[in-house]
Each structure stands twice: as structure tokens, then as C-alpha cells.
Amino acid sequence: MTDTQALIKTMDFQLDIQSDNESLLYDANLEARSVYNETIRLAKQGLDWDVIPERVAGNSNLVKNTTQRVVAKALGAMENYHEYDDFGQPSHTKDGTYPLCANYEEGYNLSLDDDGDITFRISAKPYQHIKGVLKGADSHLDILKTALESDEWKIGTAEALFHNDDPELHVNITNTERTVRGKHDSQTVVGVDVNEDNVALTALSENGIKDSLVIDFPEIKFERHRYFTMRKRIQNARKNSINDTLEGCEERFVRDRLHKVSCHIVEWSRQFEKPCIVFEDLKEMRDSIDYGTRMNRRLHHLPFRALQFYTSYKASFKEIPTTWINPEYTSQRCPMCRHTERANRNKKRFKCRSCGHQDHSDRGASVNIAVKGIKKLDWNVPALNSLPQVRKVRRQASGAVDAPTVTHPTVRDYQIDGRSGVLD
Ligand SMILES: [Zn+2]
């Protein structure tokens with residue numbers, strides 16, 4: 001088993017396109033959008049996801065690997081992002097352009113010319129190429145040149161798109177030498193329970209619970225519901241262009257907040273010895289049984305995977321590994337006596353009907369996630385005789401603000417969180 005995760009970085013470059021090829025890229029971006037929309041349409045029709053790539057490729061006027069990548073992105077969005085089905089039409093389809101996604105040395109190529117510039121060649125459509133020179137930050141150009149000349153960095157997929165009317169290429173590269181510590185080389189697991197209006201974290205080692213924290217973000221839930229209502233009203237009035245703008249605003253707002261929350265999670269985790277971050281694997285959850293109203297609502301109304309993705313990405317830059325567990329019963333099980341019963345929970349309160357233990361329900365879930373993480377790493381699960389008092393911080397536009405909470409005398413210090421405003 002290889003137990004390391006590679007370090008991935010995305011760098012943005014401007015495309016200085018030769019002659020009059022800008023319109024070719026624009027056309028290809030429009031074509032990518034129609035591939036994207038067609039994928040969503042077929043998926044919503046209930047077509048088997050495995051046959052969608054072939055079906056879409058048949059009608060696409062893009063090179064094959066690009067079509068495949070755009071289809072994969074559309075299906076990924078279907079899987080990851082929230083959907084409001086009340087719209088009566090696929091909420092993800094839009095007009096306009098979509099990035100042209102390409103595999104290195106298939107859909108696009110880079111090389112170093114005699115002047116030391118990096119030249120590009122992008123297959124916009126079959127037998128139609130865009131060529132020119134990459135422009136961008138010196139440090140990014142340096143890394144890319146290093147990648148072209150050495151084995152340290154490996155060039156991966158890229159996206160060609162227009163950003164504020166300027167053509168850009170966003171290139172993914174992987175550092176093959178610097179890797180994230182393997183998850184088996186960890187000493188603490190941090191269970192992360194993601195909800196619509198908070199995340200709950202618990203750090204656990206073989207010696208017991210180190211600490212736990214709930215980060216509240218009620219404004220994300222509030223804003224998403226507000227945009228939902230606005231969009232619905234506009235939808236009824238059939239003003240779709242406004243609707244698209246709103247969707248963009250909401251997406252930016254939510255993405256920005258989720259980035260901040262994910263920073264907070266990573267910074268909090270770093271205070272523990274050799275942490276490994278543990279998430280619930282949503283895909284597994286979807287494929288198995290019905291988890292009740294709470295889970296179903298979480299699935300449909302939360303950009304859940306986005307937060308997990310941002311967190312694992314940022315964690316990898318701090319060399320912190322992540323792992324995934326089956327979410328079964330994480331919110332219904334008593335963290336103290338392991339008694340499992342759906343009726344244990346009432347909104348944010350958890351009361352065990354077997355041992356009488358009471359808890360913040362999401363914190364309890366994060367303890368269970370951490371315990372599953374420990375089992376997955378084959379460590380001994382410590383006996384949990386008492387849990388630290390739940391401490392909450394509230395994340396707002398200006399950063400994290402400490403909510404009035406009770407702190408338990410035996411709980412270790414919270415310096416990192418007290419200063420977490422600087423994470424922004
Ligand atoms: Zn119990």
C-alpha cells in the first residue's frame with residue numbers, strides 16, 4: 001500500500017493568443033457549456049451515469065478527452081452541489097460559456113521556446129488549435145518551467161476559460177517529491193461532522209479525547225435560504241438572466257465562507273500531534289440505506305462535499321492527511337455507551353435513552369466519526385468516560401467570534417481559536 005498523498009497546486013496564467021484565435025476558444029467554451037448542460041439533462045432523465053459519457057461524446061464538437069472531462073465535472077457537480085428541485089428544470093444548466101477542460105499532452109500541450117517563454121497549444125475543437133505564449137506571475141512561470149524540465153513537478157489537467165473577458169489557462173500541477181504524511185503515521189484523529197449551519201470537530205487519540213469544538217456559521221444557511229426564496233420568486237416571473245446572476249452571487253458567498261471555515265478546521269487540527277482529518281464519505285451514505293429526514297436534508301441542502309474538499313486540499317498543504325469513513329449511525333449512536341437509536345436526538349440536543357448521557361448532538365456525531373477514524377487506522381479505541389464541555393465559536397464575515405460558552409476546567413487551552421480571526 002502506498003500511504004502518501006501528493007501535493008497539488010493550481011496556477012492561473014493569461015493566454016497571449018496568436019492571431020485571431022480568441023473567438024475559437026470562445027466557441028469551444030460555448031460548446032463545453034452545451035456538453036455540460038446535456039450531461040445534466042441526461043442525468044436528470046435518470047440515464048445510467050456510466051453510459052452518459054459515450055452518449056454525450058457522440059454529439060459533441062470537442063476533442064474526446066475534453067468532452068470526457070466536462071462530463072465528469074457536470075456529474076461531479078450533480079453529486080456535490082445542492083439542488084432545489086422545485087424549479088421544475090435542471091438548476092445547474094445555464095447559458096454562456098464553460099471552461100474547456102483538458103488532459104496534458106492530449107487536450108493541451110506546453111513547451112519552452114528559445115526565448116525562455118512557455119508556449120501553449122490547446123485543442124479547442126477537433127483539428128483546430130489555439131497557440132500562443134503563457135503570461136503570469138514570475139513565481140508561477142518558474143514552477144511551470146521547473147515542471148517542464150524536471151521530474152519534481154508533474155503537469156496535470158488544465159482549464160481554458162475567459163475571466164473578465166481575458167482568456168486564461170488554469171493548470172494543475174502535482175509535486176511528486178513533497179508528499180503528505182501517510183495517514184498511518186498519525187497520532188491524533190480529528191472527526192469532522194459537517195452540517196447546514198455548523199461543523200463539529202473532535203480530536204481523539206489512543207489516550208482519549210483531546211478537545212472538541214463547534215464552529216457555527218448560521219449566515220451560510222440564512223443566505224442560502226434567502227437566495228433560494230429570491231430565485232424562486234424570479235423564476236416565477238421568468239427572468240432567468242437575473243436568476244443566473246443570483247446563483248453566481250450565492251455561489252461566491254457560500255464558497256468564500258466555506259473557504260474560511262475550512263481554514264479554521266485545518267488551523268484547529270494543527271495544534272494536535274500528527275493529526276489525520278476524518279470525514280464521512282457521503283457517496284457511501286447515498287448508496288446505502290435511508291438515513292432519515294436529517295440526513296436527507298443534509299444531502300440536498302448543503303455544499304457538503306465542497307467543504308470537505310476545501311478542507312482536505314488545505315490540509316494537504318500543511319502536510320495533514322485525510323481519511324473517509326462510512327457515516328452509518330454516526331448521528332444516532334451514544335458516544336459513551338454506544339447505544340444506537342434514532343429517537344436519541346432532538347434537534348441539537350442528544351439524550352441517550354440507555355445511559356442518560358446528554359450532549360450537543362453534532363459534537364456527539366463528531367466523536368463517533370473520530371472513533372470510526374481510529375478503528376480505520378487500527379488503533380485501540382480509548383474508553384470514553386467523560387467528554388469535555390462543548391465549546392462553540394461563531395464564524396462571521398469579520399472572522400470567528402467567541403460565543404459565550406462554558407469552558408471545562410480540565411479542557412486544554414484554546415489559544416488557537418481565541419486568535420482565529422487572523423486566519424482570514
Ligand atoms: Zn448512552
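The values are calculated or read from the model by the stated rules, or taken from the named source; none is laboratory data. Treat the numbers as computed from the prediction; the structure is a model and nothing was measured. Methodologically, a virtual Cβ is constructed for each residue, glycine included, from the backbone with ideal geometry; neighbour enumeration extends over all protein chains shown. Only protein heavy atoms, including side chains, enter the accessible area calculation; ligands, DNA and RNA are left aside. Shrake-Rupley method; radii C 1.70, N 1.55, O 1.52, S 1.80 Å.
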Query - Cα-projected label distance for residue 184 with residue 386, points at 7 Å along beta-carbon direction, nm - result: 3.7 nm
**Report entry** Rounded D (µm²/s) - the range 159-203, Kirkwood Rh over Cα pairs, Stokes-Einstein at 10 °C, 1.306 mPa s
**Finding:** 105 µm²/s
Requested in this report: Note down the nm distance, to one decimal, between modelled labels 7 Å out along Cα→Cβ at residue 19 and at residue 172.
Outcome: 3.2 nm
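Sorted by accessible area with a 1.4 angstrom probe, largest first, how do 163, 264 fall? Provide the component values of the computation, followed by the final result.
On the way: 163 90, 264 0 Å².
Most to least solvent-accessible, the answer reads 163, 264.
How much length would be gained if the chain were fully extended between residue 375 and residue 222, taking 0.36 nm per residue of separation minus their Cα-Cα distance, in nm to one decimal?
Numbers: separation 153, 0.36 × 153 = 55.08 nm, distance 3.63 nm.
Length gained, residue 375 through residue 222: 51.5 nm.
Between residue 319 and residue 207, take the C-beta separation as r, use R0 = 25 Å, and let me know the FRET efficiency to the nearest 0.05. Before the final figure, lay out the partial values.
Numbers: r = 23 Å, r/R0 = 0.91.
Computed FRET efficiency for residue 319 and residue 207: 0.65.
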Report summary line: Computed curve, the range 137-178, Cα-only Debye sum without solvent term, log₁₀ I(q)/I(0) at 0.21 Å⁻¹, is -0.71
